[in-house]
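Notes follow once the structure below has been shown.
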Amino acid sequence: MEGKYDALKTEKKWQEYWKKQRTFAFNPKSKKTVFSLDTPPPTVSGKMHVGHAFGYSQADFVMRYKRMQGFNIFYPFGFDDNGLPTERYVEKKLGVRATSMSRQEFIKLCLKETKEAEKELIKDFMSIGLSPDWNLHYRTIDDWSQKVSQRSFIDLYKKGVEYRKESPTLWCPKCETAVAQIELEDKQAKTFFNDIIFHTLSGRKIIISTTRPELLPACVAVFVHPDDKKNKKLVGKELIVPLFDFRVPVLADQRVDLKKGSGVVMCCTFGDQTDMEWYMAHKLQLKMAIDKSGRMTKIAGRYAGLKVKEARERIVQELKDAGLLTGQEEIVHDVKVHERCGSPFEILNSKQWYIKYTDMKKELLAAGRKLEWHPSHMRNRYDNWIKGSQWDWCISRQRFYGIPFPVWYCKCGEVILAEDSQLPVDPTSDQPKKPCPKCGSKNFTPEKDVMDTWTTSALTPMIALRWVDDPKFFGKMFPMSLRSNGHDIITFWLFRTLLKGLLHEDKIPWGAAMINGWVLDPKGKKMSKSKGNTVNPQKVLDKFGADAFRFFAASAKLGEDTPYREKEVVSGKKTITKLWNLSKFCFTHLKDYKPGPKPKLTLVDEWVLSKLQEVIETATQGFERYDFSKDKSAVDNFMWSVFASNYLEMVKYRLYGNLSSKKAAQYTLYKVLLDVLKLFAPIMPHVTEELYQTFFKKHEKKESIHLTNWPKTSKRNKEAEKAGDLAVEIVSAVRKFKNHAQKSLKEPVKIVIQASSNDRELLEKVLEDVRAATHSKIVFGKASQIKLDKVKLDVEFI
């Protein structure tokens, strides 16, 4: 252990060692209790970002702790590489468009590029010190994942949970695909509330307010509230739509908001959820003014072909010119946008596949209550999502790259499913094994849509546990122990996985869920490339090392959004340096030591060991509650304040000399340092491995510190703690006295201690250690110079 600690060199060395030695391999033959983790497969659409490094590190703390607790760890790692983000990543990287080539050509490009990207991503995730079994690896586009996903579709179709229907569908014009309600997020935007004049047939003016005048050509009715005294006389009449001069009926409905605008509302197909409800409830005409690419259709007349924004501006201007716009109010409101591209969605009528779940709300809420949430308040997000769900899950996507539906259609209307032996299947190139069971035809139309990527990601437990193909293994391993993910994907991934677990196996897929927060920028703002406030994790690792970054990740309470604080990473580096130098000192004094039975210890030895028990209790309780920040704080404080600053200073004279108590000091040194390394190991795995391998391995006989047993607690020695605390209080006061006088800490002094008989009795048991640490002569008597909690002191230089 010469010189300074080289974090980058050491971390890379142990990462390669763990992989080569398969240190963290799952043992299917072991009789140990299994603890398994279902961790989110990161999207293959670029590099690991700081949020990945933060969240995955926190999950890894728990898995390393559980491994040291003696569990047989099942910790797979996968990549999500079959969805729209991957498609866009390939298009951007290669400067191509999926629409400019055949589907098969584009799929080949995606498969090639994702494999290359995954190699780099694996390096990224290994570089932060994760400890999965890298041989338990899956890709959500590989043949096995496709088989599981298609098998899931067939199983749910046969159970009557899936259906195909032409109906109003959430649609992203930019991505040109259907999206699910869960894929929408709120984004604040400025717009105008436009007061537009409609006319009755007799010429009376009726004001209708809207933020979407471009939907006037799709207006199919006007609604008023049945209790609206002012406007209910309009019910049964017709109004003329401005600029387009066609008539629409005036109808009554309770869903009209009396406090909004004039109380008269136009219904267009479709502007929002209420428009859809009115369309279905009143069996209204369907008029589509916007197409799948986000342009106006033929029914828009002279505005046909314009983009939505362009049409809105033109229509508003022409309303003004015609005297049909009585006012405009600029407003800021929440607009639902597609979370993948940030574009506002439209509601179009199209044929899509759905999974039915809105009739399962009670069952889903009950499942949420059975799941153990860490932190517990995160269940509120899940509950609120379930309660607010209005749409079944749309699972079909109009994309090129993804997992195909295992479906063909016969002209007679029959839906033909692939057989299990055919999976994975591509209906655009494969054929059913048998003729149509209804009409005997062999001519089929393939389903060309692909499945939403979340329909596969929601099956990660089934993918990892060899669902159906290995029923014995699956039966043993399912449900899994733990799900880890960020709070932003509770409604995306956790909900959908739980839903599929219930639908397929009638079980919640895990016993517990740990939910991590986000890393924010140093000012507490959400990071984004457009704002230029992102933190590159690789640059942080190159500068400080993975253990220092993990130290920062451990400083945050689980579930909390945490500003990136470089000073906390720097603190981690300082802790690593201190641990390194401390260990070098200890190893020097343990060269001739061989672990054996516990010798007779001094009260100061008992004091530090008892203090250590308190730390072990705190750390263990913290990890059991998924509060790893307790472990980090407790061990860090103990190492600096108790072990290094006080215990070592009080026992140096025993270590350097040939006193009979030297062996007791060595025993204590060995025990405390080893346990400190173990307590730090889940958070800072590299430096603790280096120090363990340097000295402890030859005595402990375990191949890695991460395969050793977590420290166990024993009974605390309250008498030793009181005596040691008194000694530390006196030593600290004398050091402060010397520092204030600008004297060396080795400068000899005389100390007069005034103490109660009980405290004096305790102090006499540790007096030699206090004398050695303060370089002093000590007498008991009256004192008044320095008042401490338990005693008074007089101190003078000799």
Notebook entry, point to check: How many of the residues in the stretch 707-719 are under 44 Å from the mean Cα position of the chain (by Cα) and not in a loop (DSSP other than H, G, I, E, B)?
Noted result: 2
Check: Regarding K787, is this residue open to solvent by 50 Å² or more (accessible area, probe 1.4 Å), touching a residue at least 60 places away in the same chain (Cβ under 8 Å) and more than 30 Å from L691 (Cβ to Cβ)?
Finding: no
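Report whether or not S209 is of a type in the set (S, T, Y) and open to solvent by 20 Å² or more (accessible area, probe 1.4 Å).
yes
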Next item on the list: Hey, can you tell me all the residues within the stretch 284-308 that are part of a helix (DSSP H, G or I), in contact (Cβ under 8 Å) with a residue 12 or more places away in the chain, open to solvent by 40 Å² or more (accessible area, probe 1.4 Å) and on the phi < 0 side of the Ramachandran plot?
Entry: I299
Note to self: If I filter the stretch 268-275 for residues that are at pLDDT 95 or above, open to solvent by 30 Å² or more (accessible area, probe 1.4 Å) and within 25 Å of L184 (Cβ to Cβ), do I get at least one hit?
What the structure shows: no
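Can you tell me which of V337, V316 is in contact with a Pro (Cβ under 8 Å, 6 or more places away or on another chain) and closer than 19 Å to V241 by Cβ?
After applying the criteria, what remains is V316.
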Next item on the list: May I ask you to list the residues in the stretch 1-27 that are out of contact with any helix residue (DSSP H, G or I) (no Cβ under 7 Å at 6 or more places or on another chain), outside any helix (DSSP H, G or I) and open to solvent by 30 Å² or more (accessible area, probe 1.4 Å)?
Entry: E2, G3, K4, D6, R22, A25, N27
Next item on the list: For the stretch 598-687, please list each of the helices (runs of 4 or more DSSP H) lying entirely inside it that holds at least 2 residues being over 21 Å from A727 (Cα atoms).
Entry: 603-624, 628-637, 662-680
Margin query: Criterion first (touching a residue at least 24 places away in the same chain (Cβ under 8 Å), closer than 25 Å to N384 by Cβ and of a type in the set (D, E)) does D359 satisfy it?
Written below: no
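Report yes if some residue within the stretch 552-559 is over 15 Å from the mean Cα position of the chain (by Cα), of a type outside the set (A, V, I, L, M, F, W, C) and surrounded by fewer than 22 Cβ atoms within 10 Å (Cβ to Cβ); otherwise report no.
Yes, because at least one residue in the stretch 552-559 is over 15 Å from the mean Cα position of the chain (by Cα), of a type outside the set (A, V, I, L, M, F, W, C) and surrounded by fewer than 22 Cβ atoms within 10 Å (Cβ to Cβ).
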Margin query: One residue is enough: does the stretch 720-733 have a residue meeting the conditions loosely packed, with under 13 Cβ neighbours inside 10 Å and either touching a Lys or Arg at 6+ places or on another chain (Cβ under 6 Å) or modelled with pLDDT of 95 or more (or both)?
Written below: no
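In the stretch 430-447, what count of residues is obtained for those that are assigned to a loop (DSSP other than H, G, I, E, B) and out of contact with any Pro (no Cβ under 8 Å at 6 or more places or on another chain)? It would help to see each step written out before you state the result.
Step one: list which residues in the stretch 430-447 are assigned to a loop (DSSP other than H, G, I, E, B), which gives 430-443, 447.
Then drop every residue that is not out of contact with any Pro (no Cβ under 8 Å at 6 or more places or on another chain), which leaves 430-440, 443.
Within the stretch 430-447, residues that are assigned to a loop (DSSP other than H, G, I, E, B) and out of contact with any Pro (no Cβ under 8 Å at 6 or more places or on another chain) number 12.
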Note to self: So, T491, is that one within 25 Å of S350 (Cβ to Cβ), buried (at least 22 other Cβ atoms within 10 Å of the Cβ) and β-branched (V, I, T) or not?
What the structure shows: no
Next item on the list: Kindly check whether there is at least one residue in the stretch 50-71 that is aromatic (F, W, Y), surrounded by 23 or more Cβ atoms within 10 Å (Cβ to Cβ), closer than 14 Å to D133 by Cβ and touching a residue at least 40 places away in the same chain (Cβ under 8 Å).
Entry: no
Margin query: Can you tell me which residue is least open to solvent (accessible area, probe 1.4 Å) among those in the stretch 397-453 that are free of Cβ contacts under 8 Å to residues at least 40 places away in the same chain and acidic (D, E)?
Written below: D426
Notebook entry, point to check: In the stretch 774-798, what residues are within 15 Å of K736 (Cα to Cα) and not polar (S, T, N, Q)?
Noted result: H775, I786, K787, L788, K792, L793, D794, V795, E796, F797
Next item on the list: Quick one: V179 ticks every box in (1) in contact with a His (Cβ under 6 Å, 6 or more places away or on another chain); (2) farther than 26 Å from L286 by Cα except a single one, so which number is it?
Entry: (2)
Item checked: A783 being farther than 22 Å from L582 by Cα, touching a Lys or Arg at 6+ places or on another chain (Cβ under 6 Å) and assigned to a loop (DSSP other than H, G, I, E, B) -> yes
Checklist line | Members of the stretch 160-200 that are under 32 Å from the mean Cα position of the chain (by Cα) and within 28 Å of Q422 (Cβ to Cβ) | finding: V161, E162, Y163, T177, A178, A180
Next item on the list: Kindly indicate whether any position in the stretch 63-79 is in contact with a Lys or Arg (Cβ under 7 Å, 6 or more places away or on another chain), among the aliphatic types (A, V, I, L, M) and outside any helix (DSSP H, G or I).
Entry: yes
Note to self: Checking A619 against (1) of a type in the set (G, A, S); (2) surrounded by fewer than 24 Cβ atoms within 10 Å (Cβ to Cβ); (3) within 25 Å of D60 (Cα to Cα), only one condition comes out false. Which one?
What the structure shows: (2)
Checklist line | All positions within the stretch 100-119 that are without any contact (Cβ under 8 Å) to a residue 60 or more places away in the chain, among the hydroxyl-bearing types (S, T, Y) and assigned to a helix (DSSP H, G or I) | finding: S100
Item checked: Pairs with Cβ under 6 Å, 6+ apart, first in the stretch 750-769 and closer than 27 Å to S660 by Cβ and part of a helix (DSSP H, G or I), second of a type in the set (D, E, K, R) and modelled with pLDDT under 95 -> D759/K790
Next item on the list: Collect the residues in the stretch 122-160 that are open to solvent by less than 50 Å² (accessible area, probe 1.4 Å), among the charged types (D, E, K, R), within 27 Å of K500 (Cα to Cα) and part of a helix (DSSP H, G or I), keeping them in residue-number order.
Entry: K147, R151, D155
Notebook entry, point to check: Wholly within the stretch 481-565, which helices (runs of 4 or more DSSP H) include no fewer than the required count, namely at least 2 residues that are touching a residue at least 12 places away in the same chain (Cβ under 8 Å) and in contact with a Gly (Cβ under 7 Å, 6 or more places away or on another chain)?
Noted result: 546-555
Checklist line | Set K174, K108, K119, K115: member being open to solvent by 40 Å² or more (accessible area, probe 1.4 Å), closer than 30 Å to Q273 by Cβ and modelled with pLDDT under 95 | finding: K174
Check: Has the stretch 335-357 got any residue that is within 17 Å of D392 (Cα to Cα) and surrounded by fewer than 16 Cβ atoms within 10 Å (Cβ to Cβ)?
Finding: yes
Next item on the list: Considering only the stretch 218-273, state which residues are part of a loop (DSSP other than H, G, I, E, B), within 45 Å of the chain's Cα centre (by Cα) and within 14 Å of K287 (Cβ to Cβ).
Entry: T269, F270, G271
Notebook entry, point to check: Counting only residues that are of a type in the set (S, T, Y) and touching a helix residue (DSSP H, G or I) at 6+ places or on another chain (Cβ under 7 Å), which one in the stretch 617-651 is farthest from P375 (Cα to Cα)?
Noted result: Y647
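The values are calculated or read from the model by the stated rules, or taken from the named source; none is laboratory data. It should be emphasised that the depicted structure is a prediction, and the values quoted were computed from it without experimental measurement. Ideal geometry is used to build each Cβ from the backbone, glycine not excepted, and the neighbour counts take in all protein chains shown. For the accessible areas, the whole protein counts, side chains as well, though only heavy atoms, and no ligand, DNA or RNA atoms are used. Shrake-Rupley method; radii C 1.70, N 1.55, O 1.52, S 1.80 Å.
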